[in-house]
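Below you'll find the structure, written out as structure tokens, and then a few comments.
The values are calculated or read from the model by the stated rules, or taken from the named source; none is laboratory data. Computed from a predicted model, the values in this text were never measured in an experiment. For neighbour counting, all protein chains shown are included, and Cβ atoms are generated from backbone atoms with ideal geometry for every residue, glycine included. Accessible surface areas use protein heavy atoms only, side chains included; no ligands, DNA or RNA. Shrake-Rupley method; radii C 1.70, N 1.55, O 1.52, S 1.80 Å.
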Amino acid sequence: MQVAEHGTALDPAQWLSGFLQRRREQIAQRWADAALFRTVFTVSRDEAVEAGKVVVDALADVARSGRLEDLRAAGFESVRDLLGRMAAARARAGHSPAQITDQVAELREPAAALLRAEFEDPAGEDAHACLLALTLLTGTLRLVVMETSVSAGEDLIARQREQLLEMTTPVISLWEGIVAVPLIGTLDSARSQVVMESLLEAIVSRRARYAILDITGVPTVDSLVAQHLMKTVAAARLMGAECIVSGIRPAIAQTIVHLGIDLGTIITRTGLADALAYALAQQGIVVSPGPPAGTNPR
Amino acid sequence: MHAPLVSSTRLSLGSDADLARARQQVRQAAADLGFSLVQLTKLVTAASELARNTLVHGGGGHLEITPLTDGARRGLRLAFVDAGPGIRDVDLAMTDGYTTGSGLGMGLSGTKRLVQELTVDSRPGQGTTVTVTDWLRDLPSPRAGAP
């Protein structure tokens, strides 16, 4: 193994890159025993060694480019996916991003031990400079892992939030000219905005004269929720549709009264069926038991 | 009744998501103590109003949920603390229909009717603490409360 010569100017980053490539196998072997790799690749040790080699290669790439402190260095791109998967596996096992990055930091020491062994004088200037370069590089790796795991979490949250908004506001056609929105969960400002928009759209596209807002699935009706309901009802009225609020449970009714909210201008019914019956009756539609099969009850 | 009495829980109130969490925690705490559905719904609604006040008017703060025991009586104390601008005139703020924002003006006055005790401690510029105390009502029979 060629050892850095004393006296000549040595570029620590370039030297580090060469060192990582030369010692690829040994470093990967040692990393396979470190907590990060050992706990992610539980099936076989070979798998952990292979993954370790990929990370060593990436670090060597970054060192060659000289951008030791650059999170966006091209070398990291090749392992971002792998690191993301490893971090996700650790996160699923209940580790926080901080704990995961601590495990990344543990990777420095095995490599540093090999690095020191390369120098005749491990306390010398060159050894010190190269060790510093390695420390910088592993510090950057730590940040890359942190960034990967945090952004993965943020993506997931943003995606789920959108899914939730989409999922919880279906507008259902109950009858010709009658639509219903079953509201479920928390009715905050963002949700009620979506509800109002999709309801008003449905009133136009389905030529609805009656719209039923069912709040059976809304656990808490406070003054803000009541205000949102009243605004939705008022907007629907402007579109020429009459709104009926259904699914008001006894506990909610008492709470609304004590809170002092006046829902007197809104037509309310206890259940969705009652609301539908009201809307049908208003349109002069009579549902009556007819002959057993086939014929239209109308 | 079967759940052990835990010491107070502290929740931060800094976003809409925190409000949802605060409601859930209050609901859980009240259910654990055996509150009736009506009383529980009222308390959760009160908590929702006050937590939103803390967020909107107080600029965020925290909620402290404390289970209480007084002999055979059991209750729940909720303290909503913020370090916001404070309430200039508490009596006026407690009036039905009075609002500084765009709400219905029912928050504070209406909330007082939902719970047994409500105290407002506010100094302009120093922040506001609203404390709500609700005791478990109507024991079904004299000894039913014992675990």
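I need a count of the residues in the range B:22-74 that are away from every other protein chain (no Cβ under 11 Å), in a helix (DSSP H, G or I) and more than 17 Å from A:Leu224 (Cα to Cα).
7
Any idea which of A:Leu132, A:Leu156, A:Leu115 is away from chain B (no Cβ under 14 Å), in a helix (DSSP H, G or I) and open to solvent by less than 40 Å² (accessible area, probe 1.4 Å)?
A:Leu115
Exactly one condition in (1) under 26 Å from B:Gln25 (Cβ atoms); (2) of a type outside the set (Ser, Thr, Tyr); (3) in contact with a helix residue (DSSP H, G or I) (Cβ under 7 Å, 6 or more places away or on another chain) is false for A:Gln227; which is it?
Evaluating A:Gln227 over (1) under 26 Å from B:Gln25 (Cβ atoms); (2) of a type outside the set (Ser, Thr, Tyr); (3) in contact with a helix residue (DSSP H, G or I) (Cβ under 7 Å, 6 or more places away or on another chain) leaves (3) as the failure.
Tell me, yes or no, whether the range B:86-106 has at least one residue that is within 20 Å of B:Trp135 (Cα to Cα) and either open to solvent by 70 Å² or more (accessible area, probe 1.4 Å) or among the polar types (S, T, N, Q) (or both).
Within the range B:86-106, none of the residues are within 20 Å of B:Trp135 (Cα to Cα) and either open to solvent by 70 Å² or more (accessible area, probe 1.4 Å) or among the polar types (S, T, N, Q) (or both).
Does the range A:43-62 contain at least one residue that is outside any helix (DSSP H, G or I), out of contact with any helix residue (DSSP H, G or I) (no Cβ under 9 Å at 6 or more places or on another chain) and surrounded by fewer than 19 Cβ atoms within 10 Å (Cβ to Cβ)?
There is at least one residue in the range A:43-62 that is outside any helix (DSSP H, G or I), out of contact with any helix residue (DSSP H, G or I) (no Cβ under 9 Å at 6 or more places or on another chain) and surrounded by fewer than 19 Cβ atoms within 10 Å (Cβ to Cβ).
Take A:Leu68 and decide whether it is touching a residue at least 12 places away in the same chain (Cβ under 8 Å), in the same structural domain as A:Ala152 (by TED's automatic domain parsing) and assigned to a loop (DSSP other than H, G, I, E, B).
Answer is yes for this residue.
Out of all the residues in the range B:87-102, is one or more at pLDDT 90 or above and either within 14 Å of another protein chain (Cβ to nearest Cβ) or not in a strand (DSSP E or B) (or both)?
The answer is no; no qualifying residue exists.
What do you reckon, is A:Leu137 within 15 Å of A:Ser17 (Cβ to Cβ) and assigned by TED's automatic domain parsing to the domain that holds A:Ala35?
Yes, satisfied.
Going by the conditions given, is A:Leu183 more than 14 Å from every other protein chain (Cβ to nearest Cβ), open to solvent by less than 20 Å² (accessible area, probe 1.4 Å) and over 27 Å from the mean Cα position of the chain (by Cα)?
No: the conditions fail for A:Leu183.
Say whether the condition of being of a type in the set (Ser, Thr, Tyr) and touching a helix residue (DSSP H, G or I) at 6+ places or on another chain (Cβ under 6 Å) is met by at least one residue in the range A:98-106.
Yes, there is a match, as at least one residue in the range A:98-106 is of a type in the set (Ser, Thr, Tyr) and touching a helix residue (DSSP H, G or I) at 6+ places or on another chain (Cβ under 6 Å).
Return the residue satisfying two criteria in turn: it lies in the range B:10-63 and is open to solvent by 50 Å² or more (accessible area, probe 1.4 Å) and polar (S, T, N, Q), and of such residues it is nearest to B:Val81 (Cα to Cα).
B:Ser12
Could you check the range A:240-264 and list, in sequence order, the residues that are under 37 Å from the mean Cα position of the chain (by Cα), more than 7 Å from chain B (Cβ to nearest Cβ) and among the aliphatic types (A, V, I, L, M)?
Listed by number, the residues that qualify are A:Ile244, A:Val245, A:Ile248, A:Ala253, A:Ile256.
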